[in-house]
Amino acid sequence: MSTKKLKDKVKPTFFKEHQEKLYQALEDKHTTVEIMKDKDPLGTEMILNMGPQHPATHGVLRLALQLNGEIIEKAKLDVGYLHRGVEKIAENKTYQEFMPYTDRMDYLSPYSNNVALCTAVEKIANVEVPERAHYIRMIGCELARISSHLLWLGTLVMDAGAVSFFIWTFREREKLYDIFDQLTGHRFTVSHARIGGVANDITDTAMAMIKDFANDFPQELKDWHGLLDRNRIFFDRNEGVGVLKTEEALNKGACGPTLRGSGYAYDIRKFAPYARYDEVEFEVPTRLEGDNLARYYVRMEEMHESIRIIQQCLDKLPKGPIRTDNAKQAYPSKDEVYYSMEGMIHDFMMTDTGICPPEGAEAYHAVEAAKGELGYFIQSDGTGHPWRLKIKAPSFANLQILEFILDGEMVADTVVIIGGVDPVMGECDK
Amino acid sequence: MAQPTNLEKPRANALNKDYDRERSFSFLENIYLPEIFKALWYSFKQIFQPTVTMSYPEEKWDPPAIFRGRPVLVEDNGKERCVACGLCARACPPLAISMQANEDADDPKERYPDFFEINMLRCIYCGYCEEVCPEEAIVMSKDYDIVFESREEAVYDKERLLVPKEDLQERLDFLRTYKNRQFGQFWDFQEENNIHSVRDRDREFNSGLSLVELLERQKENDTVEADSKWAR
């Protein structure tokens with residue numbers, strides 16, 4: 001609340017005699033300490049190297065913090081420790097082959113990544129996706145959003161000091177992972193969306209589990225609201241911490257809940273609806289304050305809205321095929337492959353050549369992933385491989401904010417602010 | 001389409017009913033002890049929640065049929081179905097599969113893999129090999145605890161990959177129900193087209209009908225409505 005005031009009042013100093021004794025003691029142990037002209041190495045100024053192997057930095061994020069006492073004067077970020085060069089890998093893979101790599105980018109909501117790549121390829125190659133596949137994708141994306149926000153909630157509250165909360169949110173995530181297992185075949189690396197549809201239909205078990213989850217989860221959310229909304233300790237850690245004004249958020253290119261916590265209601269699901277988001281009703285929660293607490297409220301309310309979307313999708317889920325019935329654009333059905341020559345030829349062609357967008361075509365398509373705007377820019381040279389594939393990762397954009405909002409905060413608030421911005425390094429470093 | 005509203009200036013769109021007093025506390029909330037006891041009471045209640053964890057090595061998890069575990073080769077009547085076409089090796093994103101085809105003049109299916117290896121250190125269990133296989137020769141099993149003691153041991157050869165199709169029945173049934181079906185069309189009658197298919201080797205296709213009768217049957221089938229039109 002009053003970090004700025006504190007900064008003006010407090011001029012941390014050590015006793016001069018004490019410092020001298022320390023220097024003497026060091027020299028007695030045959031150490032020489034180089035004293036610079038204006039800076040005393042044993043003074044209050046220091047550079048703190050946080051990470052990349054720090055548990056509270058949510059991955060391999062490295063921060064170099066210049067401190068004066070307990071106040072951060074300047075913060076600098078060092079990213080790239082998880083760089084695997086997926087954009088370059090994409091140039092050597094067909095679009096279909098590249099899809100599993102997107103799971104490993106934002107590994108907290110892999111489903112949105114799959115959908116983002118597939119919709120971008122569908123846009124550049126003009127592929128029609130069946131209605132049912134759109135709805136299955138939406139259910140998957142919203143479940144992924146809840147899963148990602150649950151991890152954020154658990155770690156934020158843990159960063160603020162309450163460890164058992166983490167276990168409760170992970171209990172709910174365990175249910176979500178079981179759903180993903182039944183829906184897609186894997187708990188974590190789902191690889192479910194395909195160009196032109198999805199890999200398989202929703203099974204009966206998965207359907208029942210999603211319905212159960214959509215019914216039970218609002219009660220859990222309500223309990224958590226009851227625990228945190230009126231809790232002064234949680235507020236003292238989060239209120240007025242990491243403040244990001246709207247103009248600054250826009251200038252620095254924030255996206256997702258970080259931007260919406262600053263009052264700008266930019267949500268791609270509303271702004272440029274993909275899949276069938278224009279056919280479901282939902283609100284875009286925003287707050288004006290732009291501090292960590294605002295981000296907390298925005299994300300909590302987003303989870304409510306996700307449940308609302310899932311319930312509408314379950315009601316509207318149409319019958320029909322789940323992949324486009326055009327063998328030049330997507331795999332033919334296995335029945336066709338097994339029992340007809342054309343089907344088998346198409347199967348070989350789709351695998352070896354893949355889907356070929358027109359030569360010189362370019363497309364950018366963004367989806368609203370859990371962390372913000374996740375976009376794929378594809379340039380095609382007419383072959384089955386992208387000529388260039390650029391990924392606009394929301395975590396990378398949000399980390400640029402982090403450097404900015406850390407300046408002037410207390411060093412103890414660093415982990416809470418990182419938790420509030422919620423970066424995923426797999427996506428940031430690509 | 002729902003138009004985005006009011007993007008020009010920042011606004012608060014709160015769904016919280018208590019938005020007005022979101023950031024202010026009453027006296028009781030300010031001394032925060034009641035809140036702590038509330039949270040402790042919530043923690044206490046969690047003791048009686050059902051456990052969701054599993055004591056793993058003692059208690060094994062049985063994956064559902066949809067689960068993509070270790071890829072295996074289907075063994076059909078003591079032989080592999082694989083015809084070594086190399087499509088799975090082509091589709092494999094991490095390039096984990098390698099094979100060499102060989103020919104056998106006595107066998108009606110003619111080609112078989114001389115060696116077939118999957119490097120399990122590379123495999124990412126995406127299931128593309130299963131998805132592209134034209135002979136249903138490689139499928140994903142339920143096997144998930146895969147352990148090796150050296151890198152050489154991690155390269156699985158044909159001997160270790162072959163699993164009898166009876167043991168994979170659950171997965172094969174799942175594929176038939178959820179993945180193989182033609183998109184809303186009646187396709188069963190086409191099965192007779194491919195009587196040389198390796199996966200249908202033990203099926204009797206000779207119905208004793210003449211070619212003319214077969215063509216008539218097909219014409220009749222074409223007019224019949226499919227029994228399942230994506231019923232779910």
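Things worth noting here:
- Looking across the range A:232-260 at every residue that is of a type outside the set (D, E, K, R) and free of Cβ contacts under 8 Å to residues at least 40 places away in the same chain, the one that is surrounded by the most Cβ atoms within 10 Å (Cβ to Cβ) is identified as A:LEU250.
- If you check A:LYS334, A:LYS328 for being free of Cβ contacts under 8 Å to residues at least 60 places away in the same chain, under 17 Å from A:ARG194 (Cα atoms) and away from chain B (no Cβ under 14 Å), only one passes: A:LYS328.
- Residue check for A:THR184: within 8 Å of chain B (Cβ to nearest Cβ), farther than 20 Å from A:ARG104 by Cα and out of contact with any Asp or Glu (no Cβ under 8 Å at 6 or more places or on another chain): no
- Boolean, A:PHE170 is aromatic (Phe, Trp, Tyr), under 18 Å from A:TRP224 (Cβ atoms), assigned by TED's automatic domain parsing to the domain that holds A:ASP201 and in contact with a helix residue (DSSP H, G or I) (Cβ under 8 Å, 6 or more places away or on another chain): yes
- Residues of the range B:39-69 satisfying the condition of being within 9 Å of another protein chain (Cβ to nearest Cβ) and open to solvent by 90 Å² or more (accessible area, probe 1.4 Å): B:THR53
- In this structure, A:ARG276 qualifies as in the same structural domain as A:ASP422 (by TED's automatic domain parsing), within 30 Å of A:LYS123 (Cβ to Cβ) and modelled with pLDDT of 85 or more.
- Pair list, Cβ < 7 Å and 6+ apart or interchain, from the range A:1-28 residues that are over 18 Å from A:ASP40 (Cβ atoms) and outside any loop (DSSP other than H, G, I, E, B) to residues that are of a type outside the set (Phe, Trp, Tyr) and modelled with pLDDT of 80 or more: A:THR3/A:GLY408; A:THR3/A:GLU409; A:THR3/A:MET410; A:LYS4/A:GLY408; A:LYS7/A:ILE71; A:LYS7/A:GLY408
- Residue, modelled with the lowest pLDDT, within the range A:287-319, restricted to residues that are under 25 Å from A:GLY196 (Cβ atoms) and either touching a Cys at 6+ places or on another chain (Cβ under 8 Å) or part of a loop (DSSP other than H, G, I, E, B) (or both): A:LYS319
- Taking the criterion of being among the small types (Gly, Ala, Ser), within 14 Å of another protein chain (Cβ to nearest Cβ) and either touching a Phe, Trp or Tyr at 6+ places or on another chain (Cβ under 9 Å) or open to solvent by 30 Å² or more (accessible area, probe 1.4 Å) (or both), the only residue of the range A:341-365 that qualifies is A:GLY354.
- Evaluation of B:ARG81 against (1) open to solvent by 50 Å² or more (accessible area, probe 1.4 Å); (2) at pLDDT below 90 (one fails), failing number: (1)
- For the range A:262-276, the tally of residues that are facing another protein chain (nearest Cβ under 10 Å) and in a loop (DSSP other than H, G, I, E, B) stands at 8.
- Residue count for the range A:254-283, restricted to those that are over 24 Å from A:GLN219 (Cβ atoms) and among the β-branched types (Val, Ile, Thr): 2
The values are calculated or read from the model by the stated rules, or taken from the named source; none is laboratory data. All figures in this text were calculated on a predicted structure; none of them were measured in a lab. Here Cβ is always computed from backbone atoms with ideal geometry, including for glycine, and neighbour counts include all displayed protein chains. Surface areas here come from the heavy atoms of the whole protein model, side chains and all, with no ligands, DNA or RNA. Shrake-Rupley method; radii C 1.70, N 1.55, O 1.52, S 1.80 Å.
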